[in-house]
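Working notes, structure below.
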Ligand SMILES: [Zn+2]
Ligand SMILES: [Zn+2]
């Protein structure tokens with residue numbers, strides 16, 4: 001589950017940045033005809049010393065200038081070492097070195113995944129598209145350059161169980177696709193768009209793909225959730241406990257009409273939990289979170305709730321009076337995995353306190369537990385009904401409708417057609433911005449063919 005917009009402030013409101021890097025002249029594009037995203041595989045590590053790559057039918061390794069350095073037959077491996085300011089690549093008896101900042105690996109066979117095995121791990125991860133290794137002072141990190149729809153194949157099953165009904169998984173697929181569009185360039189300074197952890201969206205590559213998630217992605221291809229004609233700021237949570245929360249409760253400066261609190265039908269079951277603690281333990285946790293005034297607490301009760309029923313303020317009685325502490329503060333002091341949500345009641349007997357709660361997480365946006373039940377018999381809601389319920393006032397629309405672009409406008413285009421790239425980049429810029437004020441930048445040196453352009457759009461959302 002991702003929090004949707006944790007470092008939303010760092011996403012510049014006016015700038016949707018699309019990095020299109022590393023186009024190789026001699027090579028087929030990994031993302032034919034579709035918008036590509038760059039996913040930082042930070043879950044594998046950010047200072048990797050050595051990694052092994054292979055692919056069905058062989059693999060090709062290019063240096064940053066686009067020259068083919070190594071090519072293997074069948075499933076022979078290429079080992080890549082980060083050695084200070086250069087790479088050393090080895091396959092069998094061949095040893096080649098390449099300067100930074102990156103090398104890129106791609107399968108020789110169309111649509112075959114690139115397999116990665118790290119030096120200290122037995123597990124193998126497989127990724128569609130191509131993989132870039134980028135040098136940093138302590139080693140290297142890996143970036144997967146992948147077609148957006150292929151990326152979603154490895155996100156949706158990681159974010160929602162494939163045992164859920166198809167229509168619920170389709171709602172998740174549309175939400176995940178919308179998230180990509182609204183957050184391109186989030187990790188721009190590290191040369192990728194999104195990371196593969198719950199900080200952005202959990203992404204496991206080919207290894208986590210499931211037939212159900214694939215069906216959900218394919219049957220909703222190119223569909224995103226929009227508000228007022230722009231991509232919506234989607235958030236989702238595992239279990240809202242029966243009522244979602246308005247986003248402004250979590251982020252006071254944010255007002256989004258479609259991220260409001262909605263109630264679910266009464267008969268939807270939700271996770272309920274209990275947390276039993278001694279008053280003294282609660283006091284210890286609050287004090288170590290900086291709330292010294294709670295040291296000698298004798299009672300805790302709910303003082304104020306929001307319209308969804310979540311605790312806004314607790315009242316804590318101490319031997320020198322009572323203080324109000326926000327629900328968020330108490331929850332983070334106690335631990336959000338213990339106090340799973342703020343949809344709770346408090347029962348105190350002597351020095352023992354029992355919190356009885358429902359749901360888990362922040363409870364904003366699409367409720368995954370609710371979606372699962374709404375999509376099941378007897379309700380049988382469709383994915384668009386589910387999305388309309390959790391994001392009132394939004395509409396499902398296709399990328400083409402929203403941007404008026406040919407979906408391929410942001411794709412990597414092989415350098416043997418450089419003019420087309422240039423014109424399509426311009427086209428994307430104009431259709432996304434709707435004005436000429438967009439700043440386009442294109443760097444193309446003789447040796448490094450990195451192409452970067454910025455696409456300015458109106459803020460797709462307030463986050
Ligand atoms: Zn991230
Ligand atoms: Zn719910």
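All of the numbers you see were taken from the coordinates with simple rules; none came from a lab. As the structure is a prediction and not an experimental result, all values here were calculated from the model. Note that each Cβ is placed from the backbone with ideal geometry, even for glycine, and that neighbours are counted across all protein chains shown.
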Query raised in the report: So how much slack lies between residue 318 and residue 47, counting 0.36 nm per residue of separation and subtracting their Cα-Cα distance, in nm?
Result: 92.7 nm
Query - Contact order normalised by residue count of region 247-309, Cα under 8 Å, 6+ apart, percent - result: 25
Report summary line: Note on region 81-237, DSSP bridge orientation, antiparallel percent to nearest 5 equals 100
Query - Highest to lowest packing among 57-68, 323-334, 178-189, 267-278, scored as the average C-beta count within 10 Å - result: 178-189, 57-68, 323-334, 267-278
Report summary line: Between the modelled labels at residue 221 and residue 337 (7 Å from Cα along Cα→Cβ) the distance in nm is 4.0
Query raised in the report: If we sort 279-288, 343-352, 196-205 on the protection proxy, mean other Cβ atoms within 10 Å, highest first, what's the order?
Result: 196-205, 279-288, 343-352
Query raised in the report: Kirkwood-based Rg over Rh for region 272-358 (C-alpha set), two decimals?
Result: 0.92
Query raised in the report: For region 188-228, what's the radius of gyration and Dmax over Cα atoms, in angstrom?
Result: 13.3, 37
Query - Potential lengthening between residue 354 and residue 74 on full extension [0.36 nm per residue; Cα-Cα distance subtracted] - result: 94.7 nm
Report task. Using Cα pairs closer than 8 Å and at least 6 residues apart in sequence, work out the relative contact order for region 272-358, in percent. Result -> 33
Query raised in the report: If one computes the Cα centroid of region 312-384 and of region 100-120, what distance in Å separates the two points?
Result: 44
**Report entry** Order by protection proxy (mean Cβ within 10 Å, highest first), peptides 107-116, 87-96
**Finding:** 107-116, 87-96
